[in-house]
1. Let me spell out the model: positive unit charges on the Cβ of Lys and Arg, negative unit charges on the Cβ of Asp and Glu, origin at the Cα centre of segment 268-454. What dipole size does that give, in debye rounded to 20?
2. What relative contact order, as a whole-number percentage, does segment 268-454 give when Cα pairs under 8 Å and 6 or more residues apart are counted?
3. Report the one residue of ALA17, PHE317, PHE168 whose Cα lies farthest in the direction of the positive end of the charge dipole of the chain (charges on C-beta: Lys and Arg +1, Asp and Glu -1; origin at the Cα centre).
4. Evaluate the distance, in nm, between pseudo-label points positioned 7 Å from the Cα of ARG354 and of GLU415 along their respective Cα→Cβ axes.
5. Work out, in µm²/s and without decimals, the Stokes-Einstein translational diffusion coefficient of segment 276-325 at 20 °C, 1.002 mPa s, Rh from Kirkwood over C-alpha pairs.
6. Using a 1.4 Å probe over the heavy atoms of the protein chains, calculate the carbon and sulfur portion of the accessible area of the chain as a whole percent.
7. Kindly sort ASP84, ASP316 by accessible area of their heavy atoms, largest first, with the probe set to 1.4 Å.
8. Could you give the angle, 0 to 90 degrees to the nearest 10, between helix 21-35's Cα long axis and the longest principal axis of the Cα atoms of the chain?
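The values are calculated or read from the model by the stated rules, or taken from the named source; none is laboratory data. Given the structure is predicted, the values throughout are model-derived calculations rather than measurements. Backbone-built Cβ (ideal geometry, glycine too); neighbour counts: all protein chains shown. Just so you know, the surface numbers come from the protein's heavy atoms only, side chains and all, with ligands and any DNA or RNA stripped out. Shrake-Rupley method; radii C 1.70, N 1.55, O 1.52, S 1.80 Å.
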Amino acid sequence: MQSVRVAFVVSELTPYAKTGGLADVGEALSRALAELGHDVRVFVPLYDTIDRDGLSIEKRFETEAFDLWEGTLPRSKVPVYFVDCPRFFSRGSLYTNDPDEPLRFALFCHAVVQSCQRLVFAPQIFHLNDWQTSLVPVLLETTYAWDRLFEGAKTVLTIHNLGYQGVFGAEAIERMDIPDSSHFDEHDRGAGVVNLLKTGISHADHLTTVSPTYAREIQTEEQGFGLDGLLRHRSGRLTGILNGVDYGEWDPENDEHIPYRYSAETIRLKKQNKVKLLQELGLASSSPDADPPLIGMVSRLSAQKGIELLPRALPDFLARHDSSLAVLGTGERAYEEFFSMLEKRFPGRVRFYRGFNNRLAHWIEAGADMFLMPSRYEPCGLNQMYSLRYGTVPVVRKTGGLADSVQQFDPATGEGHGIVFEHYTASGVQWGLERAIELYGDTASWDRMVQNAMACDFSWAGPAARYSDIYRELLIH
Ligand code: ADP
């Protein structure tokens, strides 16, 4: 197989800096591409939230605008280049609402291209991810068009979430150090804005998104966030590839974060994780003999995740069914307040852990019986795939990657591995949870569903091969 030189450019990367699935994808996909023989090098900002003492990195060079540090992605030989610019990346968080937000990531994009120059690394593919990196195609067409190093280089832009487009005042264009503003949408400029993701979508050689269903959905008015027309126009260059799971990180058989490791054969140990988790979270069983189901959630608490449906679904459900709920998340204040209220209303049955906690995320996957994802939209979603491997039945809304990865369980045939509800309504959520409870009471069906779930294989080798094919096709034409 022909090896391709890839600059993989991403604004978050596990294990260094993470706010969501993008970080996990950045890590696992770049590693999987390297395993296929490609020369992959990852670029990420060196945020001040990254623990530098724990990092093994070396400075490669300094420029007036930034320094470049090099490390290696764990469990691989993939070089990771950290763009160090305290002026922009020492803000206490990855993303900000500061007025210079577009400049922070414009600097990052410039730094990536300039670093390739300094390292004399000639990527054949710039693989970009989301709006933070979307300026690279325009930079290659303008500021750096003179450089033969990038001759023939192609750009692939992966859209991880169309809901975040990087829209700023048009005055940012001048400050981003781009010679010609005509590369930005004329209509937007007239309206006084610049949309970075849109710019990337217009200029990248190929577009991908993180599930086939989401690739279709974003071409509809309902889910296109205003870019559906442009995406339909570019549909011949848009591919949906379902993300994979890094089973090196997310597998109950080797998970360092959970008290009892288990596999499909030793599934009874899952129960011990549950008992310990209930203790840890101060959740009590209604009686020593009963084993009511524990529902888990680990999520950014944003509108996208369907939390708005829960006030009309969960109190009623919890009042009617002996069950408990463990929620880990942080985000919009109203949603956090809702879960705090729920915790007070159902003491000993609901626990809301507000914050970001990787260990608890793993433990909830291992300890819960079912995992709720009522998303309004979900480009791919990783937690439902993690849940499957942990034998934790996903209860999901039929949208995006949830629809592509969770198959409805049918007790008549014994096929399927989760519960899928159609409607984005409180009664949809209730239907899903009621169905889950019903099956939980039918031990034979439940055990079968859990075994089916654990047998699913979403490893990265398949998706990485699809990306590889796209690279090669682009380089031939
Ligand atoms: P998104 O990228 O939209 O947030 P995904 O399901 O693709 O959703 O990925 C979410 C990732 O972030 C998962 O790895 C999940 O475990 C993790 N995560 C989300 N919220 C938290 C949290 N509060 N603490 C720890 N991990 C979290």
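1. 520 debye
2. 21 percent
3. PHE317
4. Roughly 4.6 nm, to one decimal.
5. Estimated diffusion coefficient is 171 µm²/s.
6. Here it works out to 47 percent.
7. ASP316, ASP84
8. Once rounded, one gets 70 degrees.
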